[in-house]
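All remarks here apply to the structure that follows.
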Amino acid sequence: MALSNIQNSNNKSAKKVMRQCDQMAEFTAMKGGLLRAYLTPEHKQAHKQLALWMQEAELETWQDSVGNQWGRKVSKNPTLPTLIIGSHSDTVSNAGKYDGNLGVLIGLEALSVLADVDLPFHVDVVAFADEEGTRFNTTLIGSSSVAGCFQQDWLAVKDKDQITMGEALTHFGLSPDEVGHDARTRQDTLAYLEVHIEQGPVLEERDLAVGVVTGIAGAKRYQFTLRGMAGHAGTVPSDMRQDALCGAAEMILAIESYAMQHDVVATVGKCDVKPSAVNVIPGETTFTLDIRSLKQDVLESSTLELLAQLDVIAKRRNLSIENEQLYKAKAVPCDITLQKLWGEVVEAETGKAAFYLASGAGHDAMVMPNITDIGMLFVRCEKGISHHPKEQVIESDVGVALDCLVAMINRMAVKYS
Ligand SMILES: [Zn+2]
């Protein structure tokens, strides 16, 4: 095929993926916006559409025990375990069209492009039915089932209408007893690849279409409660106050300055004041901390140091401080060999040195190391905006990511044979 023809077909493929992202966004529970939660009619409709596209690409299709949609490019003579490519098809409320869905559709299109190529392994593309946790506040349900770490007690978790996950599975036509029974194993999986929008501004800042992900940052979340003494805004002298909000203010700035000097990002995203009145000294303040790092040891030591700093501030200000850990997730590195292969294909496809970056957001790839090595590629998104209707990608970047994925699959066929 002449080069111009290849480029034309790639342009066509990128256009097709963009169109499919638009079509997927039509399966929504929200008027004028996108919301597709786990085990809902929209989930069913979207996966039905995906299955049709998978069949058009001559893939074998099935739905698994937890409601993930699969398509398999069957190898005539598989001498290696199966390669899995995936991302998620569920969304947050008032979402963008590309978070998760773009990765599923690029994976599907890559297999469509490779339809006539016989590979030494089956390639599965999977749309994980829940990553965001929009309905049950439990994230990564779809990929956890595949990776063998679905927790049976999740079946009892209720949504806002008091429907348990188990009941929702039954309504959907699935059997709660069978969830996770079709988990994959290390023996039958070659690797897991995921293409995802960056959800941050770094690639745009560097004018790059794609970047190789080095790993997914670990995270911890806390809620702090500071207690001082409420009092009259006019009568209590400044040096006799135990102002819980001033204490929180000093702590929040200490957190900011700590993050700037260490290999972490830290955010105070929520702060409540009691009694919250114009003429009353704040007696109680609660605030949250979200701290992340790609290096698990740095995350651990930084958290300890920060907690100690906050204690010192509380003591000096005569405030009591309590903390409650709300969440923790371990840092997950991407496989070095897969990073190197992604780097080679990015250089070959873009003519520029590959750029490597960490993911500050969680992804399905986080749980897959339970059964296999992971490799991720990020696609630039406008201004780093995500989880918002303004989420946007450039069609030509989608073309680059698709070319990289196709090249990656070909390269893996050679490298692992
Ligand atoms: Zn996502």
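Worth a mention:
- Counting only Cβ charges, +1 for Lys and Arg and -1 for Asp and Glu, the dipole size of region 218-329 around its Cα centre is about 160 debye.
- For the chain, DSSP calls about 70 percent of its internal beta bridges antiparallel.
- Filter on 31/383; 220/415; 12/390 - keep pairs with C-alpha separation over 28 Å: 220/415
- Among 26, 322, 300, the residue with the largest mean-square fluctuation in a Gaussian network model of the chain, with springs joining Cα atoms closer than 10 Å, is 322.
- Whole-Hz ³J(HN,Hα) from phi, Karplus 6.51 cos²θ - 1.76 cosθ + 1.60, for region 19-36, glycine and proline x: 5, 5, 4, 4, 5, 4, 5, 6, 8, 9, 9, 10, 5, x, x, 10, 8, 9
- Theoretical gain in end-to-end length, residue 152 to residue 236 [0.36 nm per residue, Cα-Cα removed]: 24.8 nm
- The value of relative contact order for the chain, using C-alpha pairs under 8 Å at least six residues apart, is 22 percent.
- With all projection directions averaged, the alpha carbon convex hull of the chain covers 22.5 nm².
- Of the residues 81, 24, 47, the one whose Cα sits farthest towards the positive end of the charge dipole of the chain is 24 (charges of +1 on Lys and Arg Cβ, -1 on Asp and Glu Cβ, taken about the Cα centre).
- Helix content alone sets the calculated 222 nm mean residue ellipticity of the chain: runs of n ≥ 4 DSSP H residues at -39500 (n - 2.57) each, divided across all residues, give -11000 deg cm²/dmol.
- Each residue of region 374-391 was assigned a 3J(HN,Hα) from its phi angle through the Karplus curve 6.51 cos²θ - 1.76 cosθ + 1.60 (θ = phi - 60°); the sequence is 10, x, 10, 10, 9, 10, 4, 10, 4, 6, x, 6, 8, 6, 7, x, 7, 3 Hz, with glycine and proline shown as x.
- For a modelled paramagnetic label at residue 322, 7 Å from Cα along Cα-to-Cβ, the residues of region 233-276 in reach, with backbone nitrogen under 18 Å, are 244-245, 248, 271-275.
- Full-stretch length increase - residue 181, residue 23 - with 0.36 nm per residue and alpha-carbon distance subtracted: 53.7 nm
- About the Cα centre, charge dipole magnitude for the chain (Lys/Arg +1, Asp/Glu -1 at Cβ), debye: 440 debye
- On Cα atoms only, tilt of 101-113 relative to the major axis of the chain in degrees: 20 degrees
- Cross-link partners for residue 315 among the aspartates and glutamates, with Cα-Cα distance under 18 Å and sequence neighbours closer than 8 places in the same chain left out: 239, 243, 250, 284, 305.
- Centroid-to-centroid separation of region 57-94 and region 289-341 [C-alpha atoms, Å]: 35 Å
- Relative contact order [Cα under 8 Å, 6+ residues apart], region 218-329, whole percent: 46 percent
- Prolate/oblate/rounded label for region 218-329 (Cα gyration tensor, a/c 1.5): prolate
No value in this document is a laboratory result; all are computed from the given coordinates. It should be emphasised that the depicted structure is a prediction, and the values quoted were computed from it without experimental measurement. Note that we place each Cβ from the backbone using ideal geometry, even for glycine, and neighbour counts take in every protein chain shown.
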